[in-house]
Amino acid sequence: MKAVAITFAALIALVASVAPAQAQNASPKIAVIDVARVFAEMPERDAISQRLEEEFAEPLAQLQQLEEEFEQLRERMQRDQAIMTEEELAAGQEELRQRASGLQRGGEQINQYMQQRESEERNQLLEKMFVVVDAYAAENGYDLIMDKGRMLFSSPAMDISDQIIERIVD
């Protein structure tokens, strides 16, 4: 039993002495990338912005038309309230409340859908960027690539953003 304990202790000592030596010989290769800058320089970004503008042009125009009609009704109510009967005034105020509520719901729905579509498009571009980054890392033996925007400090020599942008633009 004592021999097993001594053998086990020797084995632990051997592993402990070999592990630091291996770790020193195989230091990880690390780089940083400015994801926001690379994203901003992606050529597809402008085309996507244009496509989203076109996609939302009609719903936004319809919402604008509803806002103008609401404003016209509000102005008419203010201008004519002195000559309106109580029933007309109450009906006008109720219509204003309904239109305001409809405008708010419509605006929220459009904004929510726009944010969803922008997020979908952004995620597709980020996925493309990450494919390029993964390929670059594999080709150049990087163990870790981090987002520069989420770091407190990194040496400019570690920044591979220009190389990634070059690959994306080509």
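Against the condition modelled with pLDDT of 95 or more, surrounded by 14 or more Cβ atoms within 10 Å (Cβ to Cβ), part of a helix (DSSP H, G or I) and not basic (Lys, Arg), how does Val38 come out, does it pass?
When the stated conditions are applied, Val38 passes them.
Residues in the range 48-80 that are surrounded by 11 or more Cβ atoms within 10 Å (Cβ to Cβ) and aliphatic (A, V, I, L, M): Ile48, Leu52, Leu60, Leu63, Leu66, Leu73, Met77.
The residues of the range 123-154 that are among the polar types (S, T, N, Q) and within 9 Å of Val32 (Cα to Cα) amount to a single one, Ser154.
From the list Glu88, Glu108, Glu121, Glu139, the lone residue that is surrounded by fewer than 10 Cβ atoms within 10 Å (Cβ to Cβ) and either in a helix (DSSP H, G or I) or over 27 Å from the mean Cα position of the chain (by Cα) (or both) is Glu139. If you go through the range 152-170 and keep only what is within 24 Å of Leu52 (Cβ to Cβ) and either surrounded by 11 or more Cβ atoms within 10 Å (Cβ to Cβ) or touching a Gly at 6+ places or on another chain (Cβ under 6 Å) (or both), you end up with Ile165, Ile168.
Can you tell me which residue within the range 59-85, out of those that are among the acidic types (Asp, Glu) and more than 40 Å from the chain's Cα centre (by Cα), is farthest from Gln115 (Cα to Cα)? Ranking the qualifying residues of the range 59-85, first place goes to Asp80. Taking into account only those residues within the range 142-151 that are loosely packed, with under 14 Cβ neighbours inside 10 Å, more than 14 Å from the chain's Cα centre (by Cα) and modelled with pLDDT of 95 or more, which is nearest to Glu55 (Cα to Cα)? Looking at the filtered set, the residue picked out is Leu144. Quick check on my filter: what residues within the range 153-170 are under 13 Å from Val133 (Cα atoms) and outside any helix (DSSP H, G or I)? Asp159, Ile160, listed by residue number.
Of all the numbered requirements in (1) in contact with a Pro (Cβ under 7 Å, 6 or more places away or on another chain); (2) surrounded by 12 or more Cβ atoms within 10 Å (Cβ to Cβ), Gln93 misses one, and that requirement is (1).
Against the conditions (1) assigned to a helix (DSSP H, G or I); (2) modelled with pLDDT under 95; (3) closer than 30 Å to Glu166 by Cα, Ile12 satisfies every one except (3). Would you confirm whether or not the range 51-58 contains a residue that is over 25 Å from Lys128 (Cα atoms) and under 28 Å from the mean Cα position of the chain (by Cα)? Checked the range 51-58: at least one residue is over 25 Å from Lys128 (Cα atoms) and under 28 Å from the mean Cα position of the chain (by Cα).
The values are calculated or read from the model by the stated rules, or taken from the named source; none is laboratory data. Just so it is clear, the model here is predicted, and its values are computed rather than measured. Using ideal geometry, Cβ is built from the backbone for each residue, glycine included, and neighbour counts are taken over all protein chains shown.
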